[in-house]
Structures are given as C-alpha cells and as structure tokens.
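> Can you keep this structure in mind? I'll have questions shortly.
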Amino acid sequence: MTHFELPPAELFIGGSWEKGTGAEIASIFSADGSVNRVINGASRTDGERAIERALRAQADPAWRNLKPHERARYLYRIAEGIENNAARIAHIQTRDTGKTLRETTALVASAAGTFRYYAGALESLDDALTAPRGDYLSLSIHEPLGLVAAITPWNSPIASDAQKVAPALAAGNAVLLKPASWSPLVSLELARIIEAAGLPKGLFSVLPGAGREVGNLLVEHRAISRVSFTGGTETGRMLARQAAEKLMPISLELGGKSPTIVFADADIDLAIAGVLFGVFSSSGQSCIAGSRLFVERSIYDSFVARLVEATKALVVGDPFDERTQVAPLVHFDHRDAVASQVAAAVEAGAEILCGGAIPHGDQYAKGAYYLPTILAGVTNDAEICRQEIFGPVLCVLPFDDEAELIAQSNDNDYGLACGVWTRDFPKAWRIARAITSGTVWVNTYKQFSVSTPFGGEKDSGTGREKGRDGIRAYMAQKSVYVDLTGKPHPWARWPDGGA
C-alpha cells in the first residue's frame with residue numbers, strides 16, 4: 001500500500017496557510033484508533049479574518065467582472081488538480097473517515113466530475129431577454145450573491161465539498177467552507193489543490209472548528225449572503241432559524257430514514273444485492289441509506305432468510321483492504337451511539353437476525369467496528385424505525401398491498417430517498433409518484449449524476465443541489481428595463497408645458 005503525507009496542521013484562511021487559534025481537533029484513523037493529525041481549529045477570530053479577506057477578493061473587478069468562460073477555466077484546473085492527485089486524496093479521506101479506499105476513490109472521481117460539470121455548465125449558462133409589454137427592452141440577469149458559507153458533514157467530505165464549492169465559485173462568489181471536525185483533512189487538501197489552480201487569494205477558505213463558534217458566525221454574519229448546509233436535522237433547524245433572522249436563503253440537506261421496497265415479482269438476486277448496497281455500503285453512514293425494508297408478505301420469509309445469509313457473508317475489515325465491504329465507523333463515539341440505539345430497540349422488543357454487536361478478533365480490537373445488523377419484529381412506529389441511526393442497521397417489515405405500503409413508507413418525518421424493486425414498470429411508476437421523497441430509485445440504489453438535482457422533503461431538508469440550476473442557487477436574479485423611446489414618462493409635466 002502506498003503511503004501519502006497528510007496535509008499540514010494549518011488552516012487555509014483567506015488564501016494563506018495559518019495556524020488556527022481555536023480548540024484542538026484530532027483526526028483519527030478509526031480502523032485502529034491512531035491519530036492522523038492534531039490541528040488547531042478555527043476560532044471566531046479566524047472566521048472574521050477569512051470573511052474580511054473574502055469581501056475584498058469578491059469585490060475585486062479582477063474576479064467579479066470575469067466572463068463566465070474565464071471563471072470556468074479555474075474550475076477546469078481544479079478538476080484536473082483533483083484527478084492528478086486522486087490517489088493521494090483518496091488515501092487521506094480513508095485515513096480521515098475510515099471509509100474503504102474503493103469508496104473514497106469513487107468519491108474523488110465524483111468531486112473532479114462536479115467541478116468539470118459546473119465549468120461546462122457555466123460556459124453555456126444564459127440569461128434571458130424577456131417578452132416586453134411596451135417600448136422597452138427587458139432582461140432577467142443573474143449576479144453573484146457575494147459571500148457563501150458551505151457547511152459539510154464528515155461522511156463524504158470531498159464529494160459534499162465539491163457539490164457546494166464548485167457551483168458557488170462558478171456563480172462568482174467567495175466561499176468559506178466549514179468541514180466537520182471529525183474529518184478536516186480532505187477539505188484542507190482540496191484547499192491545496194484550489195490554491196495550485198491559481199484561484200485569486202481570499203476567495204476560498206477552509207475553517208474546521210466548533211459549530212457553536214465558527215458555524216454560528218458563518219450563519220449570523222451580515223456579510224454572508226447564503227448558507228448551504230448538509231448535516232443533522234436538529235442542527236439544520238437551528239441554522240434555519242438563524243438564517244430567518246437575516247432573511248437569508250439557506251439550503252438544507254438533512255437526515256433520512258429511507259424506505260426500500262421489494263415486491264414479490266422483483267428480480268430477487270438483484271434486489272438482495274441492491275438492498276445490501278443501499279444500507280451497508282459506507283457502513284450505513286449515509287443520509288440516503290435504505291434503512292427501512294418493506295418486503296411483500298408472500299416472499300417475506302424466504303427473502304429475509306437470503307438477505308440475512310448474504311449480510312453475514314459481507315467482509316468487515318480494514319478500509320485499505322480491497323476485499324473489505326464494511327469498514328469501521330468514523331469515530332468510536334459514533335460507534336457507541338449506534339450500538340446504544342440497537343440495544344434500546346432490542347429492549348423495546350426488536351429481534352436481532354444478524355449483527356447487533358462489535359465484531360470479535362484481533363483485527364477489530366482497536367477499531368470502531370460494528371457488524372452489519374438486521375432487526376425484525378418491529379412496527380413502523382417503533383423508535384428504531386423513526387430515528388436516523390446513521391450506521392449499518394436495517395429494519396425489515398412485511399406489507400400486504402400497495403395502499404398499506406405507501407401509507408407506511410410515507411408515515412415518517414423524513415423524505416429523502418426511496419428504492420423500489422419490481423419487474424412491473426407501471427407499478428414502479430405508481431409507487432415512485434406516491435412516495436414523498438426527493439429521489440426514487442427503481443431496481444437500483446445510490447445511483448447519482450451531478451446533472452440531476454438532489455434534495456429532500458419534510459425533515460430531510462429544503463432546496464436542491466446539483467444540476468444546471470445548482471449555479472443559480474448561488475446567484476441573485478435582477479430585472480433590467482431599458483427604455484427605447486427616448487421620451488420622459490407621461491406622468492412628468494414640465495413648467496414650459498412639455499410632457
């Protein structure tokens with residue numbers, strides 16, 4: 001295995017590498033508990049300094065007045081920098097998050113693709129000449145908002161960073177990125193690549209630090225014109241209240257408790273593989289994890305038996321081992337929280353069909369591992385079926401008919417994603433239209449395209465990321481009217497009798 005040097009223990013503040021003045025942050029490798037890097041996080045003072053520099057940089061005509069194709073060149077160079085450093089970035093992210101190297105390699109490719117997509121979209125983004133209703137020229141144009149704050153989670157930092165940073169820069173803004181304290185290193189590596197791409201100083205900062213200090217500053221500061229947040233629902237509610245005080249737009253990509261539905265006519269082999277991938281990849285640490293499984297009653301027993309057998313065969317292990325399918329969770333505290341939620345479910349009557357424990361063996365002794373877990377004997381209103389576990393835990397439930405299925409699937413506070421497994425296309429279409437969620441997959445799961453908008457309903461958030469309109473989310477729309485007559489408005493009257 002190739003080893004790569006980790007990023008320095010400094011922050012990227014307004015274009016300069018500086019030691020943070022906030023509390024210490026320790027990035028750990030959750031497979032063995034070793035410390036990757038200890039850094040001083042950002043303080044409120046660091047954030048204010050980054051904002052001051054961003055204001056100057058964003059107002060500079062050298063950036064603000066760039067034509068779209070000229071701004072796009074920076075995004076193309078960033079994409080190329082990510083691709084040229086893909087192995088290094090993937091290694092850092094695996095060390096930082098515990099994700100398998102296979103997954104982090106794919107996430108790096110996704111991030112590069114996101115920057116390249118928005119470069120291309122920017123070059124072909126048009127404003128509109130609107131239909132006039134008088135003797136004037138009317139236009140609808142879009143301009144940068146100014147300063148944008150991007151707050152990203154620990155589970156997929158490089159991809160989440162790119163989904164916010166790329167369209168915000170494409171729109172002509174300055175961006176202040178606050179990554180999660182558990183996974184700061186990948187975002188700092190992205191800063192190194194953006195710096196090497198020649199982006200003007202001050203337009204990008206990386207500020208890992210306490211949410212109550214740095215996060216609150218970025219939401220409350222009068223210079224910040226928009227916030228894009230991905231994370232927990234309760235934190236999202238708090239940030240939304242803060243944004244409302246400023247009448248500031250905010251997009252929220254929050255939690256999920258996504259239903260996966262298997263009908264009796266499904267391709268069973270395909271469905272088994274899809275359900276496994278949907279909930280146990282990323283060790284279940286995914287907002288879109290298909291964590292509630294509804295199986296048509298006529299095949300429930302046989303399907304669940306096969307699913308349990310397949311789950312027990314999943315390879316749990318070192319994230320750098322190419323055979324590993326389920327890696328450790330991101331942090332020991334998080335692993336313990338997942339274990340506690342499963343224990344509470346069992347106490348409430350749930351039956352463990354497999355997993356439900358920390359694996360035994362020397363290779364697991366020092367890591368934050370938890371076995372892929374399937375729970376049965378629960379109802380849809382059980383706490384374990386209502387709350388987001390954010391770990392490798394699946395609840396299985398039978399259903400009898402479509403009406404019951406739709407009612408139970410929608411009877412949840414979340415509405416982020418859904419998976420449907422059936423050979424009957426009209427049925428799949430009916431279910432896809434009836435389920436309240438931002439994304440529905442049919443006979444697949446966790447398929448993504450940067451060109452297709454993504455977001456949630458209900459407690460899963462508000463707003464959309466990705467797609468061509470992803471740039472517009474970071475712009476202010478302005479209407480411009482140009483008179484074509486050369487005459488004063490008829491309301492005006494002049495002393496000499498003119499009109």
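The values are calculated or read from the model by the stated rules, or taken from the named source; none is laboratory data. Bear in mind the structure is a predicted one, so any value in this text is a computation, not a measurement. In this analysis, Cβ positions are derived from the backbone assuming ideal geometry, glycine residues included, and neighbour counts consider all displayed protein chains. The accessibility values were calculated without ligands, DNA or RNA, using every heavy atom of the protein model including side chains. Shrake-Rupley method; radii C 1.70, N 1.55, O 1.52, S 1.80 Å.
> Which three extents, in whole angstrom, do the alpha-carbon atoms of the range 336-452 cover along their principal axes, largest first?
50, 36, 25 Å, listed from the longest principal axis down.
> Scattering from the C-alpha atoms of the range 112-200 alone, worked out with Debye: what is log10 I(q)/I(0) at q = 0.21, 0.25 1/Å?
Values returned for q = 0.21, 0.25 Å⁻¹ are -1.04, -1.32.
> Tally Lys/Arg at +1 and Asp/Glu at -1 over every other residue whose Cβ is under 11 Å from the Cβ of Arg423; what's the total?
-2
> Given a 1.4 Å probe, how much area per residue of the range 181-267 is accessible, in Å²?
Per residue, the range 181-267 has an accessible area of 34 Å².
> While we're here: From the C-alpha coordinates alone, can you work out the Kirkwood hydrodynamic radius of the range 69-119, in Å?
Details: mean 1/r = 0.0903 Å⁻¹.
Averaging 1/r across every pair of different Cα atoms and inverting gives 11.1 Å.
> Thinking of the range 1-144 as a set of Cα atoms, what percent of all their pairs are more than 20 Å apart?
Tail fraction, whole percent: 67.
> I need to check one value: relative contact order of the chain, counting alpha carbon pairs closer than 8 Å and at least 6 residues apart, in percent.
Values: 1107 pairs, mean separation 90.0, N = 499.
Dividing the mean separation by the residue count of the chain yields 18 percent.
> Where the centroid of each part is defined by its Cα atoms, how far is the range 87-102 from the range 426-499 in Å?
After rounding, the separation between the Cα centres reads 36 Å.
> In whole Å, what are the extents of the range 385-499 along the principal axes defined by its C-alpha atoms, from largest to smallest?
86, 30, 25
> Between 0 and 90 degrees, rounded to the nearest ten: what's the tilt of helix 268-280 against the longest Cα principal axis of the chain?
70 degrees
> How far is helix 233-246 tilted off the main Cα axis of the chain, in degrees rounded to 10, range 0 to 90?
Value to nearest ten degrees: 10.
> With N denoting the number of residues in the range 309-363, provide Rg(C-alpha) divided by 2.2 N^0.38 Å, to two decimal places.
Working: Rg = 12.7 Å, N = 55, 2.2 N^0.38 = 10.1 Å.
Ratio of Rg to 2.2 N^0.38 Å for the range 309-363: 1.26.
> So which of Lys164/Lys427; Lys164/Lys257; Lys67/Lys487; Lys257/Lys427; Lys257/Lys466; Lys67/Lys164 end up more than 31 Å apart, counting from Cα to Cα? Don't jump to the answer; show the numbers that get you there.
Details: Lys164/Lys427 35 Å; Lys164/Lys257 23 Å; Lys67/Lys487 33 Å; Lys257/Lys427 22 Å; Lys257/Lys466 22 Å; Lys67/Lys164 21 Å.
Beyond 31 Å between Cα atoms: Lys164/Lys427; Lys67/Lys487.
> Just order 171-184, 348-361, 39-52 by mean Cβ neighbour count inside 10 Å, highest at the front, would you?
171-184, 39-52, 348-361
> How many percent of the accessible area of the chain is carbon or sulfur, using a 1.4 Å probe? Don't skip to the end; give the middle numbers.
Working: 10870 of 21020 Å².
That fraction is 52 percent.
> Let me ask another. Taking the chain as the reference, fit the longest principal axis to its C-alpha atoms, fit the long axis of helix 157-170 to the helix C-alpha atoms, and give the angle between the two in degrees, 0 to 90, nearest 10.
20 degrees
> Given (i) 22.7, 74; (ii) 24.9, 99; (iii) 21.1, 65 as candidate values of Rg and Dmax of the Cα atoms in Å, which corresponds to the one derived from the coordinates?
Only one option fits the structure, namely (ii).
> Also, quick follow-up: I'd like the accessible area for Arg53, computed on protein heavy atoms only with a 1.4 Å probe and all protein chains in place. Round to 10 Å², please.
For Arg53, the solvent-accessible surface is approximately 50 Å².
> To continue, here is another question. With the contact rule set at Cα under 8 Å and sequence spacing of 6 or more, what percent relative contact order holds for the range 278-426?
Here the relative contact order equals 31 percent.
> Quick check for you: with a 1.4 Å probe and neighbouring chains kept, what is the accessible area per residue of the range 60-129, in Å²?
Value returned for the range 60-129: 43 Å² of accessible area per residue.
> When N counts the residues of the range 199-337, how does its alpha-carbon radius of gyration compare numerically with 2.2 N^0.38 Å, as a ratio?
Ratio of Rg to 2.2 N^0.38 Å for the range 199-337: 1.44.
> Which order do peptides 89-101, 379-391 fall in by mean Cβ count within 10 Å, highest first?
89-101, 379-391
> To continue, here is another question. Taking Cα pairs under 8 Å and at least six residues apart, what relative contact order does the range 170-288 come out at, in percent?
19 percent
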